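The next block holds one structure in the form of structure tokens; read it before the comments.
The values are calculated or read from the model by the stated rules, or taken from the named source; none is laboratory data. Computed from a predicted structure; not experimentally measured. In this analysis, Cβ positions are derived from the backbone assuming ideal geometry, glycine residues included, and neighbour counts consider all displayed protein chains. Remember, those area values only see protein heavy atoms, side chains included, never the ligands or the DNA or RNA. Shrake-Rupley method; radii C 1.70, N 1.55, O 1.52, S 1.80 Å.
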Amino acid sequence: MPILRVHVVPNSKVDSVAGEHGGAIKIKLRAPAAEGKANAALIGFFAEQLKLSRHAIGLERGERSRDKLIRINGLMEEDVRRRLLRKHRNESTAIP
């Protein structure tokens, strides 16, 4: 059960993986950082991107911080990083 370091940027224009930030995966979310909306959006984003149920993803630490620890059941850490960052690399190199 991997635990990932994540850096969240709330109030963004789109929900997306934005690369890495100091060893953490940087995630941009449209949701505001108020009343747990960004945390709920983050869990939903991971569930959708990794094709897992929301119950397989948990917030371990950082409920009120941009820097969070996320637990993911059912995948290895290397698989999670590869899936998220590969998708980011593909999107950032695409020609509009």
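Could you check the stretch 14-53 and list, in sequence order, the residues that are of a type in the set (Ser, Thr, Tyr) and not in a loop (DSSP other than H, G, I, E, B)? Break it down stepwise before answering.
Going through the stretch 14-53, the residues of a type in the set (Ser, Thr, Tyr) turn out to be 16, 53.
Matches in the stretch 14-53: SER16 only.
So ILE57 passes all but one of these: (1) in contact (Cβ under 8 Å) with a residue 60 or more places away in the chain; (2) crowded, with 17+ Cβ neighbours inside 10 Å. Which condition number does it fail?
Checking ILE57 against (1) in contact (Cβ under 8 Å) with a residue 60 or more places away in the chain; (2) crowded, with 17+ Cβ neighbours inside 10 Å, the one that fails is (1).
Quick check, is VAL80 within 11 Å of the chain's Cα centre (by Cα), surrounded by 14 or more Cβ atoms within 10 Å (Cβ to Cβ) and at pLDDT 95 or above?
Values: within 11 Å of the chain's Cα centre (by Cα): yes; surrounded by 14 or more Cβ atoms within 10 Å (Cβ to Cβ): yes; at pLDDT 95 or above: no.
Taking the combined requirement at face value, the residue does not satisfy it.
Just to be sure, is LEU75 open to solvent by less than 60 Å² (accessible area, probe 1.4 Å), part of a loop (DSSP other than H, G, I, E, B) and in contact with a helix residue (DSSP H, G or I) (Cβ under 9 Å, 6 or more places away or on another chain)? Show your work before the answer.
Working: open to solvent by less than 60 Å² (accessible area, probe 1.4 Å): yes; part of a loop (DSSP other than H, G, I, E, B): yes; in contact with a helix residue (DSSP H, G or I) (Cβ under 9 Å, 6 or more places away or on another chain): yes.
Yes; evaluated as a whole, the condition is true for this residue.
Among the numbered criteria (1) modelled with pLDDT under 95; (2) assigned to a loop (DSSP other than H, G, I, E, B); (3) open to solvent by less than 50 Å² (accessible area, probe 1.4 Å); (4) of a type in the set (A, V, I, L, M, F, W, C), which one does ILE95 miss?
Result: ILE95 passes all but (3).
For HIS7, are the conditions met, namely being modelled with pLDDT under 95, surrounded by 15 or more Cβ atoms within 10 Å (Cβ to Cβ) and touching a strand residue (DSSP E or B) at 6+ places or on another chain (Cβ under 9 Å)? If you could, list the steps in order and put the result at the bottom.
Values: modelled with pLDDT under 95: no; surrounded by 15 or more Cβ atoms within 10 Å (Cβ to Cβ): yes; touching a strand residue (DSSP E or B) at 6+ places or on another chain (Cβ under 9 Å): yes.
For HIS7, the condition - modelled with pLDDT under 95, surrounded by 15 or more Cβ atoms within 10 Å (Cβ to Cβ) and touching a strand residue (DSSP E or B) at 6+ places or on another chain (Cβ under 9 Å) - is not met.
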